[in-house]
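Structure, as structure tokens:
The values are calculated or read from the model by the stated rules, or taken from the named source; none is laboratory data. Since we're looking at a predicted model, the values are computed, not measured. Methodologically, a virtual Cβ is constructed for each residue, glycine included, from the backbone with ideal geometry; neighbour enumeration extends over all protein chains shown.
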């Protein structure tokens, strides 16, 4: 089985698990569809009836407030019935119980699972084993992928910059542990950005990172030159205790985005962050709340983009 | 006692440098002759081996039969039948059973299980340290006296080098072979895939090849220091081959084996998240695979093992990192060895030697050859016979193989263990 697992026989979206293997026209279609949903949230009645009568289950095996909320809102605005479940999971819980959870919910006539899980490959696994009429949306699996986050970032970039072709994009911080970064890199490369640059110390870069289609810099002041889009990643506090970094202050000194550092990038560069922000660790407040920041725009775009992906994955899948 | 005549087969016996069409005569469980019929030989069984290859039975340096402790995965009965059908006449059982093979009682139990399964040639490998925890030495001498053929800490790294040193000294005092799978605990980092482009793309916890080569280096140094006999099990990367080659060149007699799947599969096969390819050590790069093949051809790696690890379905049903590693590999051992020959990586004689003569030499067993007087462990196989890996043809209880539903070439037709037919293809 290949990543075409995501597409049905007509090449339409069936599951949304990873950006890998999806074509530029399909990603563009997602962005265009999202565009049409942007207005919905401004209406007095913030709903369209596209998924009326459908049941969507948000299965969050890992905590998340923002992603879960935007998925829930997106589903509600599409008029679907939504059930959100937070399932505490221990590292010892195995595939059997994951599969059993899925099987149990399946028998309640669910149409779509939105899954977040701490293990890479969990969404693929569910998509491979769930009933054929059910769609699976990956809301983040381990360190593998977070494709809806990447698409809302692409949407935000396109809103402001219009065209991907001339763009040089820098992704800064903990690439190693970031599913967001992996999906962003794939999306930017598929959409044809001129350059994707990752900026981090070696301890926060995966081995052979250049095989992902990026250029590499270990210095923020060098790496920010000619950059149109600056994407900051969240730095987990536990990275200090696992000998990946000496201290927060040294990290901030080297890789924290300040007003001064941002001046090295192009003057019209935008600053993005998938959130939640660690102020004073990877980004200073002046930048996060400053004129070049589009961080809150990302959040509101999250609803439209997720509406687009959910409605596309649940479009009538041929005649039965 | 039975007299068996295997006639008109192509006899390949690398230990005796034989490759010719001819007959083998077996009496009283032993090879009687590989030339003329002994005086007064009256065969009560004749096996026609025309267009087939007759060779020593295979000796597998690393298997798990899942008993005692995990009979839901597999049993001695199911796995010894799988072994017999694969031409394997001798197996070395890794000590990570439940309980661990760290007391003579467990070793006795294993011998009993083997007898009950009518497959007596299962040799337990004794745990090097108690419970494989790497803290205290096991009762190696008592274990040896119960029939353990070597000592090993299986897949559990020994973190404290002083303990490894002591264990090696003690093993050397009793002329015990250490089978060592090099894997540094810290660098291994609980990974599940090779640290390379694929693990990076899929965000999988990864194991660098340095986790293997650093542990291998340390063990080589300790072999020099302690004079313990060392065999490296399931080598997986290029630099390990180089290091073993260098050690041999400078007079340190260490040997090595490779698991058959490492000679055919690479990290690229695991995508996306196919748990059938989850093995330890992980599948590495194409360059590593080529180097392992060259190492085998040049003799730096002398043996091939199956590294047979049958699993129940649930063990492989989950997100990739959460599944259990290992392949049920006894029954694909011969066809995959033959594939190496057809791809010109090794000669047929080398392939057979790597499965018989060489492991026998490492274990100092009087087998692995068709020498008159040796136990008649014999495998007869049809190198051209194609078969599909499916439930009908499969005997192991573990169906966890990446080759499921594939068609492979080469199939065993007869297996004799100490002169006793233990398998005949219907």
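The table below gives the values:
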read-out	value
All strands (runs of 3 or more DSSP E) inside segment B:338-426 with 3 or more residues being under 20 Å from the mean Cα position of the chain (by Cα) and either modelled with pLDDT of 95 or more or within 28 Å of residue B:232 (Cβ to Cβ) (or both)	B:378-388, B:407-417
Qualifying residue in segment A:52-70 (condition: under 27 Å from residue B:192 (Cα atoms), in contact (Cβ under 8 Å) with a residue 12 or more places away in the chain, more than 14 Å from chain B (Cβ to nearest Cβ) and crowded, with 24+ Cβ neighbours inside 10 Å)	no
Residues satisfying the stated conditions in segment B:301-325, i.e. part of a loop (DSSP other than H, G, I, E, B), surrounded by fewer than 24 Cβ atoms within 10 Å (Cβ to Cβ) and out of contact with any strand residue (DSSP E or B) (no Cβ under 6 Å at 6 or more places or on another chain)	B:312, B:317, B:324, B:325
Residue list for segment B:4-32, restricted to those being under 16 Å from residue B:49 (Cα atoms) and either more than 27 Å from the chain's Cα centre (by Cα) or without any contact (Cβ under 8 Å) to a residue 60 or more places away in the chain (or both)	B:4, B:5, B:7, B:8, B:10, B:20, B:21, B:22, B:23, B:25
Matching option when the condition is in contact (Cβ under 8 Å) with a residue 12 or more places away in the chain and within 23 Å of residue B:242 (Cα to Cα), among B:356, B:306	B:306
Residue match in segment B:377-399 (condition: touching a helix residue (DSSP H, G or I) at 6+ places or on another chain (Cβ under 6 Å) and under 30 Å from residue B:194 (Cα atoms))	yes
Among (1) away from chain A (no Cβ under 14 Å); (2) surrounded by fewer than 20 Cβ atoms within 10 Å (Cβ to Cβ); (3) in a helix (DSSP H, G or I) - the single one residue B:219 does not satisfy	(2)
Single residue of segment A:119-134 satisfying the filter (assigned to a loop (DSSP other than H, G, I, E, B) and facing chain B (nearest Cβ under 9 Å)) that is surrounded by the most Cβ atoms within 10 Å (Cβ to Cβ)	A:121
Residue within segment A:145-156 that is facing another protein chain (nearest Cβ under 9 Å), modelled with pLDDT of 95 or more and within 17 Å of residue A:182 (Cβ to Cβ) present	yes
Selection from segment B:222-233 of residues that are in a loop (DSSP other than H, G, I, E, B), crowded, with 24+ Cβ neighbours inside 10 Å and out of contact with any helix residue (DSSP H, G or I) (no Cβ under 6 Å at 6 or more places or on another chain)	B:233
Residue selected from segment A:26-41 under the condition surrounded by fewer than 17 Cβ atoms within 10 Å (Cβ to Cβ) and more than 17 Å from residue A:153 (Cα to Cα), by the criterion farthest from the other protein chains (Cβ to nearest Cβ)	A:39
Residue within segment A:262-269 that is at pLDDT 95 or above, in contact with a strand residue (DSSP E or B) (Cβ under 6 Å, 6 or more places away or on another chain), in a helix (DSSP H, G or I) and more than 30 Å from residue A:13 (Cα to Cα) present	no
Strands (runs of 3 or more DSSP E) wholly inside segment B:43-100 containing at least 2 residues that are buried (at least 24 other Cβ atoms within 10 Å of the Cβ)	B:53-56, B:58-63, B:88-93
Selection count, segment B:107-136, where residues are surrounded by fewer than 23 Cβ atoms within 10 Å (Cβ to Cβ) and without any contact (Cβ under 8 Å) to a residue 40 or more places away in the chain	12
Failed criterion for residue B:54 (all others in (1) in contact with a strand residue (DSSP E or B) (Cβ under 6 Å, 6 or more places away or on another chain); (2) farther than 22 Å from residue B:353 by Cα hold)	(2)
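For (1) over 30 Å from residue B:162 (Cα atoms); (2) in contact with a strand residue (DSSP E or B) (Cβ under 7 Å, 6 or more places away or on another chain); (3) not assigned by TED's automatic domain parsing to the domain that holds residue B:305, each residue gets a yes or a no:
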site	(1), (2), (3)
B:65	yes, yes, no
B:70	yes, no, no
B:73	yes, no, no
B:76	yes, no, no
B:84	yes, yes, no
B:97	no, no, no
B:111	yes, no, no
B:114	yes, yes, no
B:125	no, yes, no
